[in-house]
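Since every read-out is calculated from the coordinates, none of them should be taken as a lab result. What you see is a predicted model; the values in this text were computed from it and never measured. Because the Cβ atoms are built from the backbone with ideal geometry, glycine has one as well, and the counts that use them run over all protein chains shown.
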Amino acid sequence: MRELSQLIDVAEPAWPDLQDTLASGAVSVEVLPPDGDLARASLLQLQVTARSYLGALVLHCGGLLVDDGWVRVFGSPVDGVERGMPSLAQVNHFQGTFDSAWRADAGLVVAQDVLGGVFALNGVGHVGAGRPGAPGEIAYFAPDSLRWEGLGVGHSAWLTWLASGALDEFYADLRWPGWQGEVRALNSDQGLALFPPLWSAEARQDISATSRRAVPMAELLGVARDSCRQFDGVDPGSLGAM
């Protein structure tokens with residue numbers, strides 16, 4: 001186990017570079033303030049250094065609200081409830097104190113979107129969790145197909161991609177006129193439930209004709225997981241604890 005000082009006091013810390021990446025991106029990114037104690041405890045549990053984007057994000061940031069809050073990237077928020085934003089520690093079931101036996105073998109849930117999509121950083125046991133790609137790559141649970149998809153990039157490249165403006169194309173079939181106002185009205189522990197549901201033929205034909213309501217993210221993710229089991233007989237694994 002590396003001591004906290006070994007994780008924080010590093011040459012070439014990543015936070016200045018990450019700040020520049022987020023500030024110069026093509027979409028809005030709100031950087032939430034961190035809780036220092038939670039940040040240090042989370043970094044110690046993860047055993048990653050501040051030279052990585054993941055370590056820098058956890059240590060210096062309470063989370064990111066990307067593209068008007070469409071995507072929420074988890075960090076170490078003040079009191080764990082900044083605008084309802086859950087912490088990376090909460091979402092991934094960290095223990096209250098450092099646990100040397102804890103391992104994120106399947107990987108880490110690092111972000112969610114307002115429709116119940118989930119971004120996960122693959123661990124060494126990601127295949128057993130049904131996630132495609134290689135260890136260290138980002139996989140995405142798509143709420144319109146109820147399946148994991150490999151994105152083929154690591155965590156740092158993924159954060160750069162989020163800020164680049166690529167979300168317009170990635171979500172081209174899942175957005176409707178005026179979505180920004182509906183998303184801004186949400187707390188960061190809420191999502192949008194659509195009817196007919198995203199995976200239905202009706203929603204795919206005209207998503208703007210769906211009805212939408214704000215629901216707790218835990219409810220949205222629970223419905224998605226139950227639907228996977230019902231339709232495909234496959235459990236997609238943890239989509240993040242809320």
Exercise for the section: Could you let me know the centre-to-centre spacing of the range 210-234 and the range 142-169, using Cα atoms, in angstrom? Expected result: 20
Exercise for the section: Considering the options LEU54, SER28, PRO13, tell which one lies farthest towards the positive end of the dipole of the range 1-88, charges being +1 on Lys and Arg and -1 on Asp and Glu at the Cβ, about the Cα centre. Expected result: LEU54
Completion exercise
Per the rule of 0.36 nm per residue minus the C-alpha distance, extending ALA209 to GLU182 adds in nm 8.3 nm
Problem - LEU151-ILE8 FRET efficiency (beta carbon distance; Förster radius 30 Å; 0.05 resolution) - result: 0.55
Problem - Lys/Arg +1, Asp/Glu -1 at C-beta; the range 157-233 dipole; positive extreme among LEU194, GLY233, ALA172 - result: LEU194
Handout entry: Neighbourhood charge, 10 Å Cβ-Cβ cut-off, centred on GLY237 and excluding it, Lys, Arg +1 and Asp, Glu -1
Key = +1
Practice task
Just check the chain against the gyration tensor rule for me: Cα atoms, a ≥ b ≥ c as the square roots of the eigenvalues, rounded for a/c under 1.5, and otherwise prolate or oblate depending on whether a/b exceeds b/c.
Solution key: prolate
Handout entry: Normalised per residue, the volume of the convex hull around the Cα set of the range 95-208 (Å³)
Key = 133
Fill in the blank from the handout: Note on the chain: contact order normalised by length, alpha-carbon pairs under 8 Å, 6 or more apart, percent, works out to 16
Problem - Cut-off 12 Å between beta-carbons: net charge of the residues surrounding LEU167, Lys and Arg +1, Asp and Glu -1 - result: -4
Practice task
Hand me the trypsin sites (Lys or Arg not before Pro) from the range 1-81 located in a DSSP loop with no more than 13 other Cβ atoms within 10 Å, in residue order please.
Solution key: ARG2
Exercise for the section: For the range 67-112, just the Cα set please: Rg and Dmax, both in angstrom. Expected result: 11.9, 38
Completion exercise
Residues of the range 191-234 with backbone N under 17 Å of the label point set 7 Å from the Cα of ALA172 along Cα→Cβ are 204-208
Problem - Only Lys, Arg (+1) and Asp, Glu (-1) charged, at Cβ; the range 1-147 dipole about Cα centre in debye - result: 420
Exercise for the section: Using only the alpha-carbon atoms of the range 202-242, report the extent along each of the three principal axes, biggest first, to the nearest angstrom. Expected result: 30, 24, 11
Problem - Mean separation of Cα contacts under 8 Å (6+ apart) over length of the range 166-242, as relative contact order % - result: 26
Practice task
Could you tell me whether the range 150-242 comes out rounded, prolate or oblate from its Cα gyration tensor? Rule is a ≥ b ≥ c as square roots of the eigenvalues, rounded for a/c under 1.5, then prolate if a/b exceeds b/c, otherwise oblate.
Solution key: rounded
